[in-house]
Every structure is written in C-alpha cells, then in structure tokens.
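First comes the structure, then the notes that go with it.
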Ligand SMILES: *Cc1c(COP(=O)(O)O)cnc(C)c1O
C-alpha cells in the first residue's frame, strides 16, 4: 500500500488505517491529535458508529423496529447525540443515564429503563418525563413500580426481562441469561409474573425483553433465546395478556482479536426468518445494542513512558492505565495495540502496562512491538466499556475524548484536572 491509495482499515476497524507510515482515524492524523490534546486520549469515529448502526437498520428494513442504543457502553453526550440524530432510542440503567440522554436530545418515548436495582426516585423521574418502557427484572420491582406510578396518578409501561436460560458462550462476567445470574425473571416464573403485572392498576404491560450476555460471537444463542422468548409470548397471550413489543436485548460481539461475530444484518436476517416462520414477523421489535455500535469506533492513544527490560518479561510502561482501560483488568480482555507511526526493525515482546499501583494494571500481554520512549501507541477497539467505566483510581484525572468526523476533530470531553478529582472533598 502506498500513501496515494485509499488506505485499508485495520482488521475489524475499517475507519482506523495507516496512510503511509501514519495511523489515521477517518481523515485525522492520530500523531497530531495526541500532540494537540495530550494522552491518554480517546478518539471515536462518527462514520464507524453510523456504519455499525446502518448494519442494524439494513437488517430491519421494512420492519417495525426500534434500535435502543445501550448507552452504558459509551455515554459521552456527543456520542449520544450522534445516535439520537440517527433516530435511535436508548437503553438506560440509571437516573444518571436518563439525565444524559435528555441532555443529548433524546425522545423520552424512545427510552427504555433496564436494570435490577431501580430506586423509587429513579422510577419517579422516568415516569415524570414519559419514559417509553421499564424493563422490570423482578416481581418485587413490579410492586414498587406500581406503588410509585399510582402515587403519581400514572400507569407505568412495563416489559418483563425474562431469563431464557441459554448459554451465550462468552466470558462469565458478561454472561447474563443463564440460571444463576442476577438478571431477569426465571423462565418458569414468567407467566405468573405477567399475571401479577397485569393485575396491578399502576402498570400497563407493553412488552417482553431479554438480554443474554455481551460480546456474543455466535448466532445460535440468539436463535435459541428467540425460540424460548416466543414460546413465552404464546403462553402469556394465551392467558389473555397482549404483548405489544418484543425486545431481544443487545450483546452482539465485535472483532477484538480475530473474533468473527456475525454481522448485524446477517444475524437479523436469520432471526427475522425465524420470527416470520413462527408468525411474529410483524410485531413491534426492539433491540438494545451497545458494544457493537461503538466498540470498534474508538481508539485510546497513549504515550510510552519507559521501557523496562527484565529477566522474564519486558515491560512497556505507558501513560494509560486500568483506570482508563479497565477491561483487561476486569475480564482479561484483549485489545490490539499498534504504533501510531511504526518503526522499522525487530520487534520485542512486551507487557504493556500502566502506572497504577496494581499488578492487575496491564493493557496487553506479550505484545510484539518496536517502540521507543515517547512513541504514541493506539489501543484499538476502545469505544465501548472503556471511558464509560473509567475511574479516578490513583487520583488520575480521566482522559479527554474526541469525536472525529472526516478530517475534523471535535473535543467532546475535556481532560479532567487533578483538582476536578477532589473538588467535592473537604478538610475537617
Ligand atoms: C449492557 C446491556 C446491553 C448492551 O450490551 P452490549 O453487549 O453492549 O450490546 C443491552 N441490554 C441490557 C439490559 C444491558 O444491560
């Protein structure tokens, strides 16, 4: 490839590409970006987000379907704005996320509220703004929501999150649809829970939902979950409770390290064929994708601080850490790490680690890199569950964020200063 050819994206990251010897995100030079804004720095490609969304939109062409972006994957206001302007609804899990989507211009009627531990105050706020639906996760929550709604003279639209008990074949920490998970209502309790919901005057049953896990790379768990869900819909409707919408959750995986998840449109072609075959193809459908809309749209730029050769391991110490990129420490997750301007010569195996005082603070293990102190590295697939999980551990201010749109780079979150990190504290 030479610099005049259209650059080809890196595997799984079509919007991240080398142009000559320079890594670009869309039309933005990532060395320049790091120089201008400092590191660690997150940058997201708007085109990558919209192209991921477009795959779902193609998949649902001609159907009644609402895509609700699961915003916990990346909750920056400008990211939410991109999806709101593209017609998305949102899946939220807290009043904080509710405030964010409203600030980003979301239509409250397209917002659904998930999560096992909604407080009364959160329910109240969501009812006040006219939320589209509560995805209720237990019978106890039904009773509390009923009381809150009646107290406000309202009826809360509800869907019950059922646990279809299928194995999504992913990391146990991100697997949610098996027996023994804290999420959802057990398959065998579902009909009773629906009858209970239908009997409560403060609730209006509108749907059913499930979410079986995250970073799912196979089609079968989705097909199995759909079968289990449709069996339940049949039972519930036979008991005289109409189910207006069916929500299949999120969970579709992305390519981190040669993973080959189905494409969203191909997955939905198969799922819709099943829905049609079972006579549910004309229902109102909903999905809650998070990672698959933003994960491969983002990179985290980080500077090499020190190279520390060792007897057993060589360490490449960078200025991003587990507080910026928590996934390796939390789930032993893999992120590709590439130089922003590659050097010629032989590569050395390094563990790429951050400055945080924890042995769990690593970004990548045994990576072949040809680097020197001061180089900038790009941690790939960093658009989902990175910045949204970032913390101030070790009193590190959180990174800045950039939204790239063609050749333009918009600062969408300022770097947090150290003073920001303790602004709410006081001496006694
Ligand atoms: C996290 C979550 C999602 C999104 O999961 P992804 O794997 O990011 O697609 C969807 N629905 C619910 C209820 C969730 O908790």
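Some notes on this structure:
- Qualifying residues in the stretch 127-145 (those that are within 15 Å of the ligand (Cβ to nearest atom) and in contact with a strand residue (DSSP E or B) (Cβ under 6 Å, 6 or more places away or on another chain)) - the one modelled with the lowest pLDDT: 137
- Criterion (touching a helix residue (DSSP H, G or I) at 6+ places or on another chain (Cβ under 9 Å), at pLDDT 95 or above and within 24 Å of residue 16 (Cα to Cα)) met by exactly one of 304, 299: 299
- Checked against the criterion of being surrounded by fewer than 19 Cβ atoms within 10 Å (Cβ to Cβ), modelled with pLDDT under 95 and over 12 Å from residue 300 (Cβ atoms), the candidates 359, 388 yield just one match: 359.
- Test: residue in the stretch 238-245 that is outside the structural domain of residue 403 (by TED's automatic domain parsing), in a loop (DSSP other than H, G, I, E, B), surrounded by 15 or more Cβ atoms within 10 Å (Cβ to Cβ) and more than 28 Å from the chain's Cα centre (by Cα): yes
- Any chance residue 142 is in contact with a helix residue (DSSP H, G or I) (Cβ under 6 Å, 6 or more places away or on another chain) and touching a residue at least 60 places away in the same chain (Cβ under 8 Å): yes
Listed here are the residues, each with its yes/no results for (1) within 16 Å of the ligand (Cβ to nearest atom); (2) more than 28 Å from residue 247 (Cα to Cα); (3) outside any loop (DSSP other than H, G, I, E, B); (4) under 22 Å from the mean Cα position of the chain (by Cα).
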{"residue": "15", "(1), (2), (3), (4)": "no, yes, yes, yes"}
{"residue": "24", "(1), (2), (3), (4)": "no, yes, yes, no"}
{"residue": "33", "(1), (2), (3), (4)": "no, yes, yes, no"}
{"residue": "39", "(1), (2), (3), (4)": "no, yes, no, no"}
{"residue": "47", "(1), (2), (3), (4)": "no, no, yes, yes"}
{"residue": "50", "(1), (2), (3), (4)": "no, no, yes, yes"}
{"residue": "79", "(1), (2), (3), (4)": "yes, no, yes, yes"}
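- Across the stretch 189-210, the qualifying residues are those that are within 13 Å of residue 245 (Cα to Cα) and without any contact (Cβ under 8 Å) to a residue 60 or more places away in the chain, and the one among them that is surrounded by the most Cβ atoms within 10 Å (Cβ to Cβ) is 210.
- Within the stretch 233-259, the set of residues being within 13 Å of the ligand (Cβ to nearest atom) and touching a strand residue (DSSP E or B) at 6+ places or on another chain (Cβ under 7 Å) comprises 247, 248, 249, 250, 251, 252, 253.
- Verdict on residue 61 being surrounded by fewer than 23 Cβ atoms within 10 Å (Cβ to Cβ), outside the structural domain of residue 343 (by TED's automatic domain parsing) and without any contact (Cβ under 8 Å) to a residue 24 or more places away in the chain: yes
- A residue that is part of a loop (DSSP other than H, G, I, E, B), closer than 30 Å to residue 345 by Cα and in contact with a strand residue (DSSP E or B) (Cβ under 7 Å, 6 or more places away or on another chain) occurs somewhere in the stretch 382-401.
- Candidate set: the stretch 265-312, residues that are in a loop (DSSP other than H, G, I, E, B) and within 16 Å of the ligand (Cβ to nearest atom); chosen: the one farthest from residue 234 (Cα to Cα): 290
- Meets criteria (in the same structural domain as residue 37 (by TED's automatic domain parsing), more than 17 Å from residue 33 (Cα to Cα), touching a strand residue (DSSP E or B) at 6+ places or on another chain (Cβ under 9 Å) and buried (at least 22 other Cβ atoms within 10 Å of the Cβ)) for residue 347: no
- Unique match (being within 30 Å of residue 96 (Cα to Cα) and over 20 Å from the mean Cα position of the chain (by Cα)) among 366, 351, 375, 361: 361
- Residues of the stretch 316-348 satisfying the condition of being outside any loop (DSSP other than H, G, I, E, B) and under 16 Å from residue 372 (Cβ atoms): 316, 317, 318, 337, 338, 339, 348
- Some residue of the stretch 15-22 being more than 24 Å from residue 114 (Cα to Cα), crowded, with 19+ Cβ neighbours inside 10 Å and touching a strand residue (DSSP E or B) at 6+ places or on another chain (Cβ under 7 Å): yes
- Matching residues in the stretch 165-210 - criterion: being under 30 Å from residue 151 (Cα atoms) and either assigned to a loop (DSSP other than H, G, I, E, B) or within 11 Å of the ligand (Cβ to nearest atom) (or both): 182, 183, 184, 200, 201, 202, 209, 210
- Residue 301 being crowded, with 21+ Cβ neighbours inside 10 Å and more than 18 Å from the chain's Cα centre (by Cα): yes
The values are calculated or read from the model by the stated rules, or taken from the named source; none is laboratory data. Predicted model, so just to flag it, every value in this text is computed and none were measured. Please note: Cβ atoms are built from the backbone with ideal geometry, for glycine as well, and neighbour counts cover all protein chains shown.
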